Structures are given as structure tokens and as C-alpha cells.
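The values are calculated or read from the model by the stated rules, or taken from the named source; none is laboratory data. Fair warning: this is a prediction, and the values are worked out from it, not measured in the lab. No Cβ is skipped: glycine too gets one built from the backbone with ideal geometry, and neighbour counts run over all protein chains shown.
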Amino acid sequence: MNKDTQFDEFKEPVPLTGEDFKQWDSMNVSRSTFLKLMGMTFAAAAAGCSPMPVKKAIPYVNKPKEITPGVNAWYASTCGGCSARCGLLVKSRDGRPIKIEGNPEHPLSQGGVCALGQGTLLNLYDVNRAQFPTMGQKKSSWKQLDEAVIAGLQKARNIRILTPSLPSPFSQDVVDQFVAHYSSARQVRYDREPLQGLLLAHERSFGRAVLPSFYLDKAKVIVGVDADFLASWIAPVAFTKAYAKRRKVSEQNADMSLHVQVEGRLSLTGSNADLRLRATPAEQVDFLLWLAREIGLKRSGGSALTIRTEAPKLDPKTLERTLTALLAHPGESLLLCGSNDPDIQCLVAYINSLLGNYGRTLSVASAAYQCVSTGSAWNELVEDMEKGRVDALILYGVNPVYDSAEGARFAKALEKVALRVSLAERADESTVLCQYHAPDHHYLESWNDARPQSGVYSLFQPLVRPLFDTRQAQESLLAWAGKPQKAYDSLRAFWQQNIYSQSSRLQSFNTFWRQVVQLGVFTVAAEASEPASSVSSVVASAATALARRSPEKGLTLALYEKVAIRGGQWANNPWLQELPDPVSKVTWDNYASLSVGAAKALGLELGDLLTISTAGQKLTLPVYIQPGQHDSVVAVALGYGRTHAGNIGNGVGQNATPLSASLEGRPQWTGLPVKIARASGKYKLALTQEHNFLEGRPIVQETTLTEYQKDPGAGVLPEHKLPSLWPEFPYPGHRWAMAVDLNSCTGCGACVVACQSENNIPSVGKKEVATNREMHWIRIDRYYSKDEENPTVTHQPMMCQHCGNAPCETVCPVLATVHSTEGLNQQVYNRCVGTRYCANNCPYKVRRFNWFNYSHDDLLANLALNPDVTVRSRGVMEKCSFCVQRIEEKRFGAKREGRDIKDGEIKTACQQSCPANALVFGDMNDPESEVSKLMKSGRAYHVLHDVGTKPSVTYLAKVRNIEPGPVAASEEAHHG
Amino acid sequence: MVDATLQILRPPLVEGNPPLAQITDEVCQPLERFPGKAWWLAFLTALSALGLGTVAVIYLIATGVGVWGLNNTVGWAFDITNFVFWVGIGHAGTLISAILFLLRQKWRTSINRAAEAMTIFAVCCAGIFPLMHMGRVWFGAYWMLPLPNALGPLWVNFRSPLLWDVFAISTYLTISAVFWFVGLIPDMAAIRDRAVHPIRKAIFSILALGWNGSNRAWSHYEKLYLILAGLSTPLVLSVHTIVSFDFATSVIPGWHTTIFPPYFVAGAIFSGFAMVLMLLIITRKVLSFEKYITIRHLEAMCKVILVTGMMVGLAYSTEFFIAWYSGNLYERYAFINRAFGPFAFSYWIMVSCNVLSPQIFWFKRFRQNIPVMFVMTIFVNIGMWFERFVIIVTSLHRDFLPSSWSMYRPTWVEFAILIGSFGLFFTLFLLFVRVLPVINMAEVKTVLKEGKEEAHGGGH
């Protein structure tokens, strides 16, 4: 097959147009060639993006230029999953989006996209979305609704529009136009995420209430204090991209950043840290005070902190190393803190400022826009509503009844508002309390823009004609503001006026617009110099206030978000519900995490019920025992317990928001004093991994940075050539292989959802996951080692290893799993009779069996299926195929152009989505390919090499930036 | 003189030295009268169990293998355990018929018919499970056979031990059935000759293949019987050897063991003898065949059980020794996990039933005590079922990567199908005792004193 190019019948452009067929009449084409070409028509795909938007649905009798049946088209767009606004490339097939990928051109997300972002595709095809406008919960027409709403608004004397911090200049402009139209209207911003403290601190210290931008790729020392920046904080994908850059080591560049995490629960970010300190929120404050004082003394000769602070009661060696590292890297370090307390954030700003990090590893001049409000207007709004001072309220992009600490209060106050209008895309908890529901499109049906950070503008473009009778929220607002206009026209006009002016204007607006739509993103240089700082003068009062505060005694609650469910907006999504939490590996639930010590002290086991009570609230949840958690912290995930999400999301887990607090409109998620009591009963949690320790097996091999610098092969067991009964397979052409860098992988799970979306993998539901029948083709194994109280964590992606000597291949009685000439281990679904012998004999346990006919009854959700991949029926085994359909697509492309496949051209779904670039796919027969170079690296090893399977997947050993010492697993194996 | 001594040393194989006609009468008697209450009770119980199993199988095929308790990690459990269990049971029949025949062990004569029948029924029960365990049995049932087909070059995989199983089991079933049938011919002729009812006469006339009892017929018969015995003998060793290859050729710690072939064969004989013994204890009582199936037969079988029980005990300990001696991390863990992991109960049930309890057969008292024997046969069968369960489930549930370790919990469907397989076995066996002679009349007659004395006397 390496002589691909010699078959020139493939040079014909495929698919064939009418003209081509005419030529064929006069040509002497054999039947088999014709069939080959016909087959190609369905398998091949044209590369490149079409700039043309889908504005109208055109029946296929008049075939639109950009839609060719059976051919994938890619459109650039922006992710509406969370407020980070990553760049997307969306694969469209036959006029419908079927896969979300990251846009490599986007300067922040750089081709990465998280699990949630990819999962939102399924929410497009969600039958539980609102399908038409309603008035008083009854179906109405848009005309009726508009008339009624406008009449109501015109009568109203106090109109409020409640929105989140819209990281979209266009949407903000529309809201502004609406507010301008009604003199009594005011916009109130409500953000459910606790970022306001960060804004307030920068307002005090720099005079600007903004979120700073963080540049983790420029930081050699990263200290995270309760900031889960790799999973849920501000912009996790962009942060992971930048973070991973500094975590890659190679023989040429044997250096990596030092990451210290100080936190109460074991977050995904903490699980990736080199050094980790378990600390309660009070201890975190002590840590920051100590750090501020020590750094102040060393960096500015005297401290701005007048108070005396003692060293926190944390591991002194780690503290010392952290301090030394920070002092050694001024301008190359970064302190990140997840607290929502402006005083604490002032302290953090002070430390970053002392270290000269502003303008280098973080910037105020180039602000981020995920949160632009300090939240102060919220209390006022609720009070006004309670006192009947608001007579019209429009909810746009918010669901405070569900996700505000004061949800119940808000719901009650809402009753006093005469006109209640919701623009939500489904009848959610807040919408059901409104009279009018003008449902918004899904973002994949909308025109919109985004500005995640200063100077970065990106566009949303619709991928499909609206599936239901919905209308884009901006169009609704414009219609009610008396300027009915299509979103596309208003967006284009807005960009012509506001964004185009920032470009070089060397080309016409039309050209500029076409380019931006095609590329998805437009960047302009941001403001260069940082504003003057007055941080030293404000820090003293902040520190004094902090030091005076009496620390909470006893248990505190830590609320957090999971990578896939986040705030619960997209909860009606089986992919996201079934994605195991990267740390706990629990699916389909939230739970009360307790430390090993706390659980032992209370005699609690996994699944025992526990009642958590705050001053006014109670919640009973199952217990999960989390190694690495602080003994006085209970952690519960938000985003669960939806009541109006839809058939899938309703009643999954429980809503922990009522346990949170709101302080001057700022959500408080941590440090909340709680009491816990055992409740009667047991609850079954569905875990995808039940055993957490390596048992001394050299499955994860690791070393320390110092050892690695001395010897690139440190910590890696030597692999001897093993004898084999079978003759070697010849691989004359390509031989596909993958390299997995354990040092880059953060375990976020983006690859799992990417694979699920690409390969039509069914979600099986909680009950089936609980019996260990999850279908994911790629999983991330998470192992703890060393200390159970504060363990060292490793994330190891595990998928079919495409073994050279595959144990599954020899045992199949009907040849349903066979070896390809290019080293792929192929599963032939049609031939499989389901003996499961292959799965039993797989040492990696990566094969997945269809125990039942998994539901494909939801015809709407079926639109998200990838037509290039067979949907498997029951009784059939399946597993990772190395995305063979993607290999074939690129092979055809290369053949048509009469060339060989280029290295890096084929990207598997998991690899494409990986925000950390931990996965590399390529041809190991090509000595110049990236994967073959990685396979030669000193860190390269194969999992279970000694079983003799000769895997095609190479793992690169984990390097930890810690003092050399005994490393658990591989060391033991050396002697064992 | 010699004969007299032997007579003292060896009790007669048939007690009371009945006349030949009486033997025929007594053996054919259950076939020729309406069954009694005990038979009906047993038959209806067996039939109910079979009915339950059938319902479970229909539910399984209609819904999917997911109705069992299997998961991604444990892909086989009750299904293959039952399969190996029943194949093992089937071993005693051929051993008794063929190997003991070649070794001129005359004591086999009155039990070989029942043992062979049991073999065939056990293999039928075993055959259900490889079919039922498949995800798509409607294809698997014939895709497993190397049939010419229209699917291009698609054929079976001759490297797969599952395919070897298909050949091994089908060969075994064929040879066993032919062997059994050939052995039945003289007896069926006897029934034909006794038959009063014309239909009965017609059926047995066909089945007797025109047997006329001539010297010529006997000479052909005995040659054929000898050849078939010769053909069956290697099968006793090969079938369970091949079944053990399902595990031995794999890479899973706890399966990947070269000791498996002899270990499995010993275990199969062990369980097979226990099952034959159990059936004979019941049959001789219910059909009043104490005369033909004497305590001597039973004692001989107890001895075989004692020996093979110790053989499997040796195999168990060898496995542990090798797991330690090999220094293989995974192997070592697999065996520690067997004895002390979450499925330790199954391991200790296995050891106590298979290794410890048969030790009482060192004592003649127990070898001749029928209630003790009966309880022991049940113990051995439980122990041997658990042996296969231990091998399959405890090896799979914790193999190489700790991340995929899992537990296995059977569902009612698995229990129902197991019960159903016993139902099928006993239904077939109970029908057998009603329609065919349980004791090989022709052969029993050859071990009688009567014939021998004549021959002996003639020699003088």
C-alpha cells in the first residue's frame, strides 16, 4: 500500500459531478473500477472550509454548492459551552453538524476543546429543547408573543434584563440597544461562577475591575491556590494548552515548570501538580499571608504587610521549595487563586506584582471577559423585585432559580414581577416561572461573536437550519426594541462598524468578513503596557482584614464544578453525564467527598448516605472517599439535581447550590461551615474504576526531573526483545502507531467524549456503568501511589494498543478481529458472533461488548451519528479502531492528489481534541514522523511489554518536578 | 483352586448368580411396565427445571447477553463454567466404556451403559453453553463450522482454541453416541424379541439393525466394539485437554498455565465418576438393580474418586508453587487473589470439596457406605463446578491493569440456565431408564459364573 500513488484512477476529483459522468460514457471503465469509484464517493471527503454560511435550507433537487452528499465540510465557529469561548471547527455532513473539534487557528484554545464543548453537539439534537414559543405555558406564534411582550414592556415602568457577563460584543450591543429603547430598562449581570473577587481586587490594585489574562506557558513556577484551572476555572482549555507547553520534556529540552497546588479537595489541577499541600481555606490564607510577607521581605527589602504572620502549619519542605522557586523566577512565575474574596485576591495580586509577573505571566492591560461584573447589582435587583419595584424582567442566558444560592428567594421575588420573559433554550427551572418563553437557538444554529480576551474576536456561525421553531435571543431582543432584524445582518453590521475598524483595513469589509467567517477568529494586538499599580498600598488593609478574621473551625464545604457537567446548563446530555469525573471516576452523580481520614473516623464507606447541613439547608448525598482531600473539607459538585433539564438530566444527583452562599452578589463556594451526620441507607455510585492503586506493577513508569536530566531513560524499565511463536508480520507500507505522553496528559477526559462522538459510541446509563459495562473506547486510568492521605496521582489514557502480537486475534474462532497490513487491529462487526474470548484475552481490557441493543430510538439524537462509522448491534464486540475512517479519508485525499500521506495529516479524534497535545498519531515506519521520534525517546515504554503483545501505542514516562526519592511503582518492580 | 481363591479375594460382579433369563427379565422390566410414582416425581421435577431453563434461554436470546451479570472485565462466568463442568462430567462415560474395556476391567460391565448415556447427555448439556454465551447465536451457531459459504474467503480461524473445542466436542459426541449405540444393538434385539406391542416391535426392529445373534454377528460386533473403544480412548485425554487450551493458550494470569491439560483431564474424570456414582446409587435403588450394580462397583468408583481427587489437589498446589517460583508479578497476584481475594469463598469451597472431603475414602467403611458416598458425590460435583468458576472468574476479574479490576455478580438468569441444564440432563436420563436397558445385558451375562464355569470346565 505504500505505492498508493501509482493507482491513478483515484486522481479523478471525487465525488464526481455530472460532467464527470458524461466523460465516463465515452471511457472504457470496468465494472469493478466503477464500483470502486462509487464506493469512494461515499468514503472520501473534501478538505478545507467552505466560507459559505447556511442561511437557507435548500432541497437537494437544487443542490447547494457547499453541500455534497457524503462529503464532510468544516465550518469555523465558537464554543458556547461555557464562557471561555474556545474556537471550534465543526464537521458538517449532509447539512448537519456531526462533530465538534477545536480550531487550531484560535490563539487561546489552539485546537483544543474540552469534553463539555464537544458534548454540546448532542444538546443540539435534544428533543427536550423548547420547540416553539409559549405564552402562559401554551404554544403560541412568534407574532402573538412579540405583540404581547411589546405591549407588556411598553406598559412597564421598571424593566430589567438579567444576563450573564456576556463575553460577546455583539450580544452586549444588542442588550444595550434594548436598554436604550426602553428608558426604564436596565441590564443586571448575574454570573454563577465565583470570579467577582478577582475583579474587585484588580479594581482596588489597578483601578480596573477586570479579569486578568493568564499566560501559563510563560510561567516556570505555577502556584495554584484552590484554583482548578485545568478543569473548570475561567478558561480551562486555553490554560491546559499553555500549561502543557511547559510540561513537555524531551532530550533537547529537559526542563519543565514546577507546579505547586495548595487546596482542600483533590482537584484535577491538584492531581497534576508536582507538589501538593492539603490545606483548609483558613490554611490557604495563612499560606498566602506567609508567602506575601516572605516575598515582600526578599523582593522589596521590607514588607508592605505590617502584621506578623507565622509560617502555616503545612509541610515546611514544600513551603521552602515553593518560596525558593518563586523567588528564583521573578517574572516567570504565576500565582493563581480560586478564592472569591477580594482581600485574598488582593494578596495574590500583591505577590504576583512583587514577583514582577504582571505584564509577563498575567496581564491586566489585556483583560479577559468571562466575568465583567462584580455582582453588586444582584442584591439590588432581588430587593427591588421583592418590593415590587420591577414590573418586567427578561432572563437572557441565566437560570438563577437553579444555580443561584438565593434561587428560592429569587423564585419567590419573581412572582411579584408582572411581566416575566425568558429567552432560555429550554423550559428550565427559571423559565417555567415566566409567562413568556421566547426560546433561543442552540449556539450551533446561531450567528454571534465572542471576545474571550482583549484583542481576540471570534465568530459563531450556524451549522444547520434551526431544528425547531426557535428564534435567536438577539433577534427577539431587537424585535422587542423595535428594530427587527436578522441576527446575521445585525452582526455583520456591528462588525463593520466596530471590529473592522480595528483591522488594518487593507481589504474591503466583504473580504475581511469572508476571511473571518472562514477562519473563525480575528485578532488585534492588545494594549501593551500594564496600568499603574497601587497594590502595595491596598494590600496592608486586605492583609489586616484577613488576619483579623477568625478562621472557621471544624468542617467546611467546598463546592466545585466537574469538567463535563460544570454548572449544569448542558446536563441533559448522556455523553457528559457518563463521562467519569477525572479524579473520582464516578459517573451520573454528584456525591459528598470525604477524606480517607474523615471517612475512617466516622466509619463511613463508599455509598453510605451522609446529611450535610448548613445554617438553613440540608442535603443528603452518598459518600465518596477521596484520597488527597483535607480531613476538614467536604466537597460536593454543583451542576446536578436539575429538575427541568430534560429526560436525561432530570434527577441526576442533587442540587448543591442551596448550600452555597452569596455575599454582596458574589457566590461563595468554599469555606462554608457545615455539619455532617450519617443518614440511614446506602446508595450505589457508578464508578468506572474501582481499584486505585498500581499494586507495584510497572504500568506507569515515572522519574523525577533531576534524574531525567542526568539520564533520559531514568525510571524506565529496559525492554528486551521477547521470543515469539508467531512469525513477524511484514509491514511494507505504513504502520500506524500512537505515542501517549503521560507528562502532558492532565486526565481531563476531552478525548473520551471526542471518541464517543466520532465513533458513535452509545451511552449506556448509570445502571450499566455500575455493572462495569461502559462502552468508552478510550478511558483514562487514574492511579494513586505513595501516601493514601496525599497521594501522587497519574492519569493514563488507555485504548486499544493495536498489538503486533494481539492476543485477541488468535482466539477469535470466526476471524472477526484481524491484523491489517498497516498494523491496525481491526474489528469486523459483521463477522463477530460475540464469544467475548477476545475481550477476556485482552491484557488491557479495552474491548467493549454490546450487551444489549443500545438505544438508538431517539431519531433526533441519531442525527449526531457519524455516517462513516457503523452503528453496532447487540452481541458484537467493539473497540478503538485508531479512527480508521479518518485514516482512509486522508489516504483517499492523498491518492487523489497523487502523493503520500503527510505526517500529522491524520489526526485521531482523541488526539485532535486533546488540549494538552498528549497524544500523537502517525506512521512508525517513517523515521521522520513525530511518532517514531517519540518512540525513540528515552522515556518511551510499552505497557505490559513483558506479556509480549508488542503494542503500537508507546507511552512516555511521567516526569515529576520533585526532589529525587523512591518512586512508587516502577521502583518496586525493579526489585520485584 | 485358583478360581476358588479368586472367588474369595474378589466378590462376584453379579450377586446371587441369577440365571440368564432372569437377567433379561429384570433389566427389561422397567421398560415394560408403567413407571412408578418415584419416577414420575423425579421426571416432573427435572422437566420443571428444564422449563425454567428454557424460559431463561428464550429471555436471554430475545434480550441480549446483558441479562447475565457479566461485564467488560469478566466476559465469561457461569456460561463457560457450566460448559467445562458438563464436559468434565461427560468424561467418565468414555473412560468406563473404552479405557476400562481395553484394560479388561470386567467390573465395568454393569455400569458402562448408564455411564455412556450420562456422557452423551452431559455433552448435550455442555453444548448448550457455548451456543448460549454467544452474543449472536443465530450466526454463531453455524459460523463456527468450516462451511463453504458465499462470504468470499471468510472461514473459521484454525488458531482459535474455541474452534478446536467445536471439533473436539463434536467428535467426542459422535464417537460416544456411535459407541453407545453399537453397544445397545444386542440388547435392543433382545427387547425386540420380547416385545408384544407391534409398534414397540417395529421400533426396536429398526434399532436392532437386524441383529440375529449369530456367531458371525457376534464376531463383527466385538471387532467393531474393540475398534470403537480404541478410537474413543485418545478422546478421553484429548477432549478435556483441548477444553483446557481455551485457558492455557491465553495470556491471562491464572489461565496461562501449562499444567492445565493433565489437570483438567484428572478433574474431568474425578467429576465424571462422581456423577456416575450418584446416578448409579439412585438407579440401582429405584430400579432394584442392587444385584447387578453391587457395592463392589461402587467401591471401585470411590477409589477412582480418591485418586483423581488427590491428582487435582496436586495440581492446585503445583499452581501455587509455580506462581511463587516463577517470580511473575501478575501470576503471583492472581493466585494470592484466588485464595484470599473477594472470591476466596469459591476457592475454599473447591479445596474442601475436591481435596479434603474425598480423603475419607481411604477408609473402606466409607467406601461401602452408600449415604456417605451419595453426599460425597454431591460434594465433588459442587467442588468441581467451583473449580471452573475459580479458574474463570477469579482470573478474569483481576488481571493485568488494576484500573479495570471488577467484581462479578450473577443474575437469576444465570442460575436459571444452570438449573435448566440439570433439568435437561435428568430429563434425558430419566427417559433413558424408561426406554432403553440401563444395564448391558449381553455383557453382564459374560461375567457370570455360569458362562465361565462352562468354559472352564470345557477346558479340562
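Miscellaneous remarks
- Sole residue being more than 24 Å from the chain's Cα centre (by Cα), assigned to a helix (DSSP H, G or I) and touching a residue at least 12 places away in the same chain (Cβ under 8 Å), chosen from B:Glu116, B:Glu26: B:Glu26
- If you go through region A:247-286 and pick out every residue that is at pLDDT below 90 and touching a helix residue (DSSP H, G or I) at 6+ places or on another chain (Cβ under 6 Å), you end up with 2.
- A:Lys298 meets all of the listed conditions (1) within 29 Å of the chain's Cα centre (by Cα); (2) of a type in the set (Lys, Arg); (3) at pLDDT below 85 but one, namely (1).
- Among (1) closer than 26 Å to B:Ile392 by Cβ; (2) surrounded by 24 or more Cβ atoms within 10 Å (Cβ to Cβ) - the single one A:Asn805 does not satisfy: (2)
To keep it simple, each residue is scored yes or no on (1) farther than 29 Å from A:Val401 by Cα; (2) of a type in the set (Gly, Ala, Ser); (3) surrounded by fewer than 18 Cβ atoms within 10 Å (Cβ to Cβ); (4) in contact with a Lys or Arg (Cβ under 6 Å, 6 or more places away or on another chain).
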site: A:Cys434; (1), (2), (3), (4): no, no, no, yes
site: A:Ala438; (1), (2), (3), (4): no, yes, no, no
site: A:Gln461; (1), (2), (3), (4): yes, no, no, no
site: A:Asn510; (1), (2), (3), (4): yes, no, yes, no
site: A:Ser534; (1), (2), (3), (4): yes, yes, yes, no
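- For B:Ile89, the requirement of being touching a helix residue (DSSP H, G or I) at 6+ places or on another chain (Cβ under 7 Å) and buried (at least 20 other Cβ atoms within 10 Å of the Cβ) is met.
- Residues within region A:693-725 that are assigned to a loop (DSSP other than H, G, I, E, B), under 30 Å from A:Ala770 (Cα atoms) and either at the interface with another protein chain (Cβ under 8 Å from one of its Cβ atoms) or β-branched (Val, Ile, Thr) (or both), tallied: 6
- From the list B:Tyr316, B:Tyr333, B:Tyr347, the lone residue that is within 14 Å of another protein chain (Cβ to nearest Cβ) and touching a residue at least 24 places away in the same chain (Cβ under 8 Å) is B:Tyr333.
- Checklist (1) part of a loop (DSSP other than H, G, I, E, B); (2) more than 9 Å from chain B (Cβ to nearest Cβ) applied to A:Gly834, failing item: (2)
- Applying the condition of being more than 8 Å from chain B (Cβ to nearest Cβ) and within 14 Å of B:Thr73 (Cβ to Cβ) to region A:761-774 and asking which residue is surrounded by the fewest Cβ atoms within 10 Å (Cβ to Cβ) yields A:Ala770.
- The criterion of being small (Gly, Ala, Ser) and either touching a strand residue (DSSP E or B) at 6+ places or on another chain (Cβ under 8 Å) or in a loop (DSSP other than H, G, I, E, B) (or both) holds for B:Ala150.
- Checking each residue in region B:53-74 for being under 28 Å from the mean Cα position of the chain (by Cα), among the aliphatic types (A, V, I, L, M) and surrounded by 18 or more Cβ atoms within 10 Å (Cβ to Cβ) picks out B:Ala56, B:Val57, B:Leu60, B:Val65, B:Leu70, B:Val74.
- Residue check for A:Asn850: under 26 Å from the mean Cα position of the chain (by Cα) and farther than 16 Å from A:Asn825 by Cβ: no
- Put simply, of A:Arg891, A:Arg899, A:Arg886, A:Arg872 the only residue that is more than 10 Å from chain B (Cβ to nearest Cβ), surrounded by fewer than 21 Cβ atoms within 10 Å (Cβ to Cβ), modelled with pLDDT of 90 or more and under 27 Å from A:Pro69 (Cα atoms) is A:Arg899.
- Selected residue [modelled with pLDDT of 90 or more, part of a helix (DSSP H, G or I) and over 22 Å from B:Met407 (Cβ atoms)] from B:Ile61, B:Ile80: B:Ile61
- Taking (1) away from every other protein chain (no Cβ under 14 Å); (2) surrounded by fewer than 18 Cβ atoms within 10 Å (Cβ to Cβ) in turn, A:Asn853 satisfies each apart from (1).
Conditions (1) touching a strand residue (DSSP E or B) at 6+ places or on another chain (Cβ under 8 Å); (2) in contact (Cβ under 8 Å) with a residue 40 or more places away in the chain; (3) part of a loop (DSSP other than H, G, I, E, B), marked per residue:
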| residue | (1), (2), (3) |
| --- | --- |
| A:Asp176 | yes, no, no |
| A:Ala180 | no, yes, no |
| A:Pro194 | yes, yes, yes |
| A:Gly197 | yes, yes, no |
| A:Glu203 | no, yes, no |
| A:Ala209 | no, yes, yes |
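- Candidates A:Cys910, A:Cys880: the one that is within 14 Å of chain B (Cβ to nearest Cβ) and within 30 Å of A:Leu444 (Cα to Cα) is A:Cys880.
- A:Ser757 more than 9 Å from chain B (Cβ to nearest Cβ) and not in a loop (DSSP other than H, G, I, E, B): yes
- Taking region B:146-199 as the range and being under 30 Å from A:Cys812 (Cβ atoms), away from every other protein chain (no Cβ under 14 Å) and within 27 Å of the chain's Cα centre (by Cα) as the test, the residues that pass are B:Thr171, B:Tyr172, B:Leu173, B:Thr174, B:Ile175, B:Ser176, B:Ala177.
- Each residue in region B:367-378 was checked for being touching a residue at least 60 places away in the same chain (Cβ under 8 Å) and part of a helix (DSSP H, G or I), and 7 of them qualify.
- Candidates B:Ala315, B:Ala334, B:Ala339 - the one that is buried (at least 16 other Cβ atoms within 10 Å of the Cβ), at pLDDT 90 or above and closer than 30 Å to A:Ile699 by Cα: B:Ala334
- In region A:809-819, the residues that are within 36 Å of the chain's Cα centre (by Cα) and either farther than 22 Å from A:His942 by Cα or at the interface with chain B (Cβ under 10 Å from one of its Cβ atoms) (or both): A:Glu809, A:Ala816, A:Thr817, A:Val818
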